[in-house]
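Rule-based calculations on the coordinates, nothing more; no lab input. If you're wondering where the values come from, they're calculated on a predicted model, not measured in any experiment. Cβ: placed from backbone, ideal geometry, glycine included. Neighbour counts: every protein chain shown.
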Amino acid sequence: MQVWNKLFAKSPFKPLIKHSEVVLNTVETLEKALRAWERGDCEEMKRLAVEVDRLEDVADRIKEEIRDSLSSKLMMAVAREDVLIYLHMQDKVADAAEDTAKWLLIKRPGTVPDEVKSLIIQMGVESIKAAKLVHEAIVQMDRVIESGFAEKEIEEEYRIIHEIESVESKIDGLDTELMRKVLAMDGELSWGDGFCILNIARTLSNISDKAKDAAERIRLMMNK
């Protein structure tokens, strides 16, 4: 706990950055698992999916340690409640990545049509991009605090937030397109195949949704 207290003493965002680094590692590992799934390398995909699960557990443990060490007596530039809410939202990004990894283990790629597989990969690339941008956003928020809310640093933070929102909007479009394709293939795909594919898409979409939620919390912290 003493380590976290020292980090909080420097900045309320130093511990969040440490947690974000693990979340980022989780989504980057999921990205590798998706690529292995795409090329049909099931053994590698399984290994990476298990690693995603392990990293999500690490992120959870760090989240709990930060919560336990965040004393109400600490004087910070932002409210303790805002830090805890943001931490919860950031952790949900790793949760969504873990959910995707589980569905990849269930749905092997062999029977997935190439056009559907291509859309899933596009959703994966964009969702993981959103998660990476959240890491940039919390690092940038630390710079905003250290600069005393300098206008230049605030503008850069808003640029990152807008980019996250743009990526999330793009994923919504891909998700809709994927649903239409899957429903149009009712004669080619079994009910089980369609169900699994749509759940892979749903969990990938959740990554960007949670990234957007985290970005919105940063926006609120700056506005306060």
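Summary table
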| quantity | calculated |
| --- | --- |
| Calculated FRET value between D53 and E151, using beta carbons and R₀ = 30 Å, to 0.05 | 0.10 |
| Relative exposure of Y86, Y158, judged by other C-beta atoms within 10 Å (fewest first) | Y158, Y86 |
| Dipole magnitude of the chain about its Cα centre (Cβ charges: Lys, Arg +1; Asp, Glu -1), debye to nearest 20 | 520 |
| Hz values of 3J(HN,Hα) by residue in segment 149-163 - Karplus curve (6.51, -1.76, 1.60), Gly and Pro given as x | 6, 5, 4, 4, 6, 5, 4, 5, 4, 5, 4, 5, 4, 4, 5 |
| For segment 185-220 versus segment 115-139, the gap between their alpha-carbon centres in whole angstrom | 11 |
| Potential extension, E65-I106 segment - 0.36 nm per residue separation minus Cα distance | 11.5 nm |
| Inverse of mean 1/r across different Cα pairs in segment 2-223, Kirkwood, Å | 18.1 |
| Relative contact order of the chain, pairs being alpha-carbon contacts under 8 Å that are 6 or more residues apart, as % | 28 |
| Farthest toward positive dipole pole in the chain [+1 Lys/Arg, -1 Asp/Glu at C-beta], among G124, M141, I171 | M141 |
